């Protein structure tokens, strides 16, 4: 037993010595690879503040632009449905009651106003950061909206035409409808 007790005592003293011995020192982590940044001057802080304000304004305007665009999509669907009902009433055996004419015209005018509003919001949105031009969905959206057919602008203005102009306009619309639907009159 004394051999086992002396071995345990020896092991205990070695473990105490190891615990008291300090770990090897690590190199300090207080060095910098890059030179220290100098604090921004007042002009730079002002420019950063202006950019942040411009970004916030752009985000707000483009959020409203998106909401108006979705409203315009709903208006377009409504206009197409009412236009089809009006066409069926006038040329599809509905008796030409004119039941859908005013609703279709009003929906077209409201949709045109929404289009103009969405476009105005997009044009008013500031662009505080420089971006290089590239082919992406935003560029395609801008291109397609800018190249809207002039014929669609003319159609939305038909409500303000005098009676004779409206009759010419209606006959032009009838010709385009009969060409697209394949029926002849």
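The values are calculated or read from the model by the stated rules, or taken from the named source; none is laboratory data. Quantities reported herein were computed from a predicted structural model and do not represent experimental measurements. Cβ coordinates were reconstructed from backbone atoms using ideal geometry, including for glycine residues, and neighbour counts include every protein chain displayed.
Values as computed for the structure displayed
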| quantity | calculated |
| --- | --- |
| Members of segment 77-128 found to be in contact (Cβ under 8 Å) with a residue 60 or more places away in the chain and crowded, with 16+ Cβ neighbours inside 10 Å, listed by number | 87, 121, 122, 125 |
| Matching option when the condition is modelled with pLDDT under 95 and at positive phi, among 89, 96, 151 | 96 |
